[in-house]
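Here the structure comes first, spelled out in structure tokens, and everything after it is commentary.
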Amino acid sequence: NTSRLIDYSSWDHIYVSDDEDATSPYVDTPSLFRMRHRVRLEKMAEFQQRGEDLENNFAECKRLLEEAQGQLKELEDGRQEGEEDEEREAELKQVQAVVKKLKKDEKTFAKLIEEYRREEKKVPWNVDTISKEGFSKSVLNTKPVPKEETQEEKVEKHKAFVEKYATEIKHFGMLRRWDDSQKYLSDNPHLVCEETANCLVVICIDFEIDEKHALMEQVAHQAIVMQFILDLARTLKVDPRGCFRQFFSKIKTADKPYQDAFDHELELLKDRVRSCAQLRMENAMKELEEEEKQKRLGPGGNLGHLQMEIQRSFDEKNIQMLQEAMNKLDFEEGKYHLKRCIDSGLWVPDSGEGDDDEEGDDEEDEEED
């Protein structure tokens, strides 16, 4: 029989409990156990929190470093193209210093996390960790899956964002130069989001309805800029606030296929804006016509709610058809419709003279026939 060797060394430092350590006859034993247990749990929580803080700080440092390196590359490219000036050189030195510091911080955090994980492996197991997963978990630097928002939550979020940043969004929509757009987003990185893109489209539609076509096309251009930034972020799987500089670097030196794709999307957006504006104006006209029609009909309501025969009799101005249709109805129902006709001004009760005149007209018609 071949015996299988089992390594029990990983169990050597299990700390099952300290609740059965030496007690004192002068202290209540259950209270002492509860106090020791509470202290141990607090130490565990503090240790775990320290690890989470290190991971979060390390991730934030990497994000800031990536953003600063993108800015540095852009400034260095500008220098190579002969755009040297004192202000740009000063900004270049400042960004170089920031990159250097962030690289140093990144190494420091990486070292601290490595030490933390070594320390984590040495932590003895106890009754609270040996039967429950979670304390000795591996912490991965991954982006948590966001909770899917409901449609109502999305609407409220968009409304609140637009109300808060309406002025800044409209200002961005009016910018024309690539450098101006990039500078403004650098100063207002919170604008790099889906809400801004949606708001810019709404502004386009409003301008088109007001027949301000040049302004519509200008804002549409900026809406596509924001959409391309968001698409780039989705492709790279990064926060759009950390990659918008890459878009501007790319579009300023874009090859023809990339520029053609941008122009194509811009034309598609302008066509959609025109269609949407036309539809909104048509709907507004229909609502206005309906309101005017209701005003003309008065309190009696819409003729469409009457019986079909009664409606046709009014359309053809046929008194006999109207009387026949009324006779087919119950007394109360006919009385109801007659009152509606009178209220709406379609039926005007008059004296007997009017009836005689009508009969005389009928007789004359018969003689002519």
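The values are calculated or read from the model by the stated rules, or taken from the named source; none is laboratory data. Note that the structure is predicted; figures quoted are calculated from it, not measured. Note: areas computed on protein heavy atoms with side chains; ligands, DNA, RNA excluded. Shrake-Rupley method; radii C 1.70, N 1.55, O 1.52, S 1.80 Å.
On a 1.4 Å probe surface of the protein chains, which of SER313, SER186 comes out largest in accessible area, and what is the full order? Display every interim value, and only then the final one.
Details: SER313 5, SER186 40 Å².
Highest to lowest solvent-accessible surface, that is SER186, SER313.
Which value, in Å² rounded to 10, gives the accessible area of TYR184 with a 1.4 Å probe and all protein chains present?
Taking all protein chains as shown, TYR184 has close to 40 Å².
By how many nm would the segment from ASP210 to GLU168 lengthen if fully extended, with 0.36 nm per residue of separation less the alpha-carbon distance?
On the way: separation 42, 0.36 × 42 = 15.12 nm, distance 2.14 nm.
The ASP210-GLU168 span can extend by a further 13.0 nm.
Which value, in Å² rounded to 10, gives the accessible area of ASP187 with a 1.4 Å probe and all protein chains present?
90 Å²
Once ligands and nucleic acids are excluded and a 1.4 Å probe is used, how much of ILE319 is accessible, expressed in Å² to the nearest 10?
80 Å²
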